[in-house]
């Protein structure tokens with residue numbers, strides 16, 4: 001194996017996949033927001049809570065990513081759930097801070113309406129993306145749950161009651177029943193019903209009975 005093959009193997013092993021790249025980018029975002037909020041902590045007099053909102057939200061989001069990397073499983077379920085609840089409440093609170101200071105003054109730093117542009121834009125668009133992501137996740141989860149309930153109910157009905165007839169089959173059965181009723185109630189069937197019923201009799205051939213007087217008369221005539 002030459003040097004080129006070794007270099008190809010090392011490059012193949014240490015080249016991050018698309019999932020790893022997404023995780024790296026997702027991990028860098030809260031770090032950048034945390035740094036941005038710390039750098040401009042006093043640069044938004046119109047709403048001083050905007051940099052604090054960015055710092056606290058990015059810190060807890062970074063904490064969730066560290067828990068995911070540790071892979072503690074069910075042991076971290078309760079802390080993760082508490083962090084998610086706090087982040088949801090903090091998102092609502094931060095939305096009030098950000099949207100209340102909408103369109104601040106980005107030019108004059110001495111103005112009471114001033115707020116650092118990069119800080120406010122980051123807080124504004126991250127808040128919007130968070131609400132859009134939550135709406136999409138909630139809609140997908142609701143649709144999945146509804147589909148699961150419907151499929152389970154149909155499967156249960158099929159197993160308990162067997163295959164239910166389709167509407168076409170039900171229509172055919174109704175037509176057959178109507179035809180049978182017509183045949184039964186037709187006038188020809190009434191005539192057949194009122195015909196006299198005759199019982200079969202024994203039809204055996206009768207042997208002729210010869211009387212003794214007729215035999216004697218025939219013998220005398222011959223004589």
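The values are calculated or read from the model by the stated rules, or taken from the named source; none is laboratory data. It should be emphasised that the depicted structure is a prediction, and the values quoted were computed from it without experimental measurement. Positions of Cβ are generated from backbone atoms using ideal geometry, with glycine treated the same way; all protein chains shown enter the neighbour counts.
Being in contact with a helix residue (DSSP H, G or I) (Cβ under 7 Å, 6 or more places away or on another chain) and either modelled with pLDDT of 90 or more or under 19 Å from residue 106 (Cα atoms) (or both) is the filter here, so list the residues in region 61-89 that pass it.
Of everything in region 61-89, those that are in contact with a helix residue (DSSP H, G or I) (Cβ under 7 Å, 6 or more places away or on another chain) and either modelled with pLDDT of 90 or more or under 19 Å from residue 106 (Cα atoms) (or both) turn out to be 86, 87.
Given (1) at pLDDT 90 or above; (2) more than 18 Å from residue 42 (Cβ to Cβ), identify the lone condition not met by residue 122.
Every condition holds for residue 122 apart from (2).
Take the conditions within 23 Å of residue 138 (Cα to Cα), part of a helix (DSSP H, G or I) and modelled with pLDDT under 90 and apply them to residue 96. Does it pass?
On the way: within 23 Å of residue 138 (Cα to Cα): yes; part of a helix (DSSP H, G or I): yes; modelled with pLDDT under 90: no.
No: the conditions fail for residue 96.
Which condition from (1) within 41 Å of the chain's Cα centre (by Cα); (2) modelled with pLDDT under 90 is the one that residue 11 breaks?
(1) is the only condition that residue 11 fails.
What's the number of the condition residue 61 fails, among (1) in contact with a strand residue (DSSP E or B) (Cβ under 7 Å, 6 or more places away or on another chain); (2) in contact (Cβ under 8 Å) with a residue 24 or more places away in the chain?
(1)
In region 14-50, which residue that is more than 30 Å from residue 88 (Cβ to Cβ) and either in a helix (DSSP H, G or I) or in contact with a helix residue (DSSP H, G or I) (Cβ under 8 Å, 6 or more places away or on another chain) (or both) is modelled with the highest pLDDT?
First, the residues of region 14-50 that are more than 30 Å from residue 88 (Cβ to Cβ): 14-17.
From the residues that got through so far, the ones that are either in a helix (DSSP H, G or I) or in contact with a helix residue (DSSP H, G or I) (Cβ under 8 Å, 6 or more places away or on another chain) (or both) too are 14, 16.
On the way: 14: 41, 16: 51.
The selected residue is 16.
So, in region 99-133, how many residues would count as being assigned to a loop (DSSP other than H, G, I, E, B), within 13 Å of residue 48 (Cα to Cα) and touching a residue at least 60 places away in the same chain (Cβ under 8 Å)?
5
Tell me, yes or no, whether region 51-69 has at least one residue that is more than 38 Å from the chain's Cα centre (by Cα) and in a helix (DSSP H, G or I). Working first, answer last.
Of the residues in region 51-69, the ones more than 38 Å from the chain's Cα centre (by Cα) are 51-52.
Remaining after also requiring in a helix (DSSP H, G or I): 51-52.
Yes, the conditions are met somewhere in region 51-69.
Can you go through 160, 172 and tell me which one is out of contact with any strand residue (DSSP E or B) (no Cβ under 8 Å at 6 or more places or on another chain), part of a helix (DSSP H, G or I), modelled with pLDDT under 90 and surrounded by 10 or more Cβ atoms within 10 Å (Cβ to Cβ)? Step through it out loud before you land on a result.
On the way: 160 fails: surrounded by 10 or more Cβ atoms within 10 Å (Cβ to Cβ).
So the residue among 160, 172 that is out of contact with any strand residue (DSSP E or B) (no Cβ under 8 Å at 6 or more places or on another chain), part of a helix (DSSP H, G or I), modelled with pLDDT under 90 and surrounded by 10 or more Cβ atoms within 10 Å (Cβ to Cβ) is 172.
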